[in-house]
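Accompanying notes for the structure given below.
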Amino acid sequence: MTRSARIDAPGVLHHVIIRGIEKRKIFRKDSDQYDFIDRLEQLVPATRTVCYAWALMRNHAHFLFRSGPAGMAKLMRRLLTGYAISFNRRYKRHGQLFQNRYKSIICQEDTYLKELVRYIHLNPVRAGLVKDLSGLKKYAFCGRGVVMGTRSCGWQDDQYVLRYFAQTTVQARKRYLAYVKAGLNQGRRPELVGGGLVRSLGGWAAVKKLRKQGMDRTKADQRILGEPDFVLSILEQADQPLERSYALKSQGVDLDTAAQKAARIFDIDVDEIFMKSRIQRRADARGLYCYWAVSELGHSLSDLARQLKMTPAGVGYAVQRGETIAREHGYELLGSVNE
């Protein structure tokens, strides 16, 4: 499945996540983390990027950046490429160190800055590297100590963050600490890291509530964290259209719609699409369903493989079959199921 192009608008808030390939360690020793920090110390100012929060774990890391004039790509390319070369040379290894490309989510500042600072700085606790806030206070590879004034870091803007809590530094640190404590039991926050949530709905609780009301069909984009107007303004600024999958979902088109329409076209029951069968009508309906699910609704081959109890390669062939059928007969997903 084709990945969405990364939006790289300058001067906006980015939650950036990097992970080791196959969940392997990208930092084997403390010295590796210090090497990474040294690179940040050079590159963040050089690219006129601003950092508000950061945390390094053994196999992944989180950052809250405001991109410089050249966007995030320049910083991340120089940072990750230089570190990977150094790491491979140090440990006499070859090949890829990081999982695919880094993940970057543009965030609405007023709504999410405080949430993201807290989420990122609590990552070492969630990862089990430290037990509690006392342990986090001593953890050297996280920006929390900088905000609290116990550590110094020239490339982290702690004062900007503190102004979100109070006008005086002393009062701001007290409120920041209380805010972080209040988030200790929140666990993972899928809506903040790209867990598939339509973020403009306002979180999992809001999603569940709106689903019960049948009102969860809204426009959004997985690369952006914010309210609908913010999402659309960023997409317009980046001159990028709303992802087609969301445009379809906003009109109530989903996997059930695709299955029902494919079944009607080939005059079979919906359940027959999910049966293991080589009967041509079933295979054609299954192919059309897979094609729409992948190309129109944005589902992955692996997701469909689990649903259909097929191999990803088998689903891939079904998608190709469905694409041919759709083109030859002009079948489109968006339209009446009764066509």
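The values are calculated or read from the model by the stated rules, or taken from the named source; none is laboratory data. Given the structure is predicted, the values throughout are model-derived calculations rather than measurements. No Cβ is skipped: glycine too gets one built from the backbone with ideal geometry, and neighbour counts run over all protein chains shown. For accessibility, only protein heavy atoms count, side chains too; no ligands or nucleic acids. Shrake-Rupley method; radii C 1.70, N 1.55, O 1.52, S 1.80 Å.
Residue 19 satisfies every condition listed in (1) open to solvent by 70 Å² or more (accessible area, probe 1.4 Å); (2) assigned to a helix (DSSP H, G or I) except (2).
Scanning segment 284-293 for residues that are open to solvent by less than 10 Å² (accessible area, probe 1.4 Å) and out of contact with any Leu (no Cβ under 7 Å at 6 or more places or on another chain) turns up 285, 287, 288, 289. A single member of 64, 80, 113 is open to solvent by less than 10 Å² (accessible area, probe 1.4 Å) and in a helix (DSSP H, G or I), and it is 113.
Is segment 295-302 home to any residue that is at pLDDT below 90, touching a helix residue (DSSP H, G or I) at 6+ places or on another chain (Cβ under 9 Å) and at positive phi? Yes, there is a match, as at least one residue in segment 295-302 is at pLDDT below 90, touching a helix residue (DSSP H, G or I) at 6+ places or on another chain (Cβ under 9 Å) and at positive phi. Return a yes/no flag: does segment 298-307 have any residue that is over 19 Å from residue 248 (Cα atoms), surrounded by fewer than 16 Cβ atoms within 10 Å (Cβ to Cβ) and small (Gly, Ala, Ser). Yes, because at least one residue in segment 298-307 is over 19 Å from residue 248 (Cα atoms), surrounded by fewer than 16 Cβ atoms within 10 Å (Cβ to Cβ) and small (Gly, Ala, Ser). Checking each residue in segment 283-299 for being among the hydrophobic types (A, V, I, L, M, F, W, C) and touching a residue at least 60 places away in the same chain (Cβ under 8 Å) picks out only 294.
What are the residues in segment 308-329 that are among the small types (Gly, Ala, Ser) and open to solvent by less than 50 Å² (accessible area, probe 1.4 Å), if any? If you could, list the steps in order and put the result at the bottom.
Here is the first cut: in segment 308-329, the ones among the small types (Gly, Ala, Ser) are 313-314, 316, 318, 322, 326.
Matches in segment 308-329: 314, 316, 318, 322, 326.
Taking the conditions (1) surrounded by fewer than 17 Cβ atoms within 10 Å (Cβ to Cβ); (2) touching a strand residue (DSSP E or B) at 6+ places or on another chain (Cβ under 9 Å) in turn, residue 89 satisfies each one other than (2).
Looking only at segment 267-280, count every residue that is under 18 Å from residue 331 (Cα atoms) and surrounded by fewer than 20 Cβ atoms within 10 Å (Cβ to Cβ) and tell me the total.
4
Of these, 136, 197, 162, which one is at pLDDT below 95 and either open to solvent by 30 Å² or more (accessible area, probe 1.4 Å) or closer than 30 Å to residue 48 by Cα (or both)?
Being at pLDDT below 95 and either open to solvent by 30 Å² or more (accessible area, probe 1.4 Å) or closer than 30 Å to residue 48 by Cα (or both) holds for just one of 136, 197, 162, which is 136.
Residue-level check: of (1) over 30 Å from residue 305 (Cα atoms); (2) acidic (Asp, Glu); (3) open to solvent by 20 Å² or more (accessible area, probe 1.4 Å), residue 32 misses just (3).
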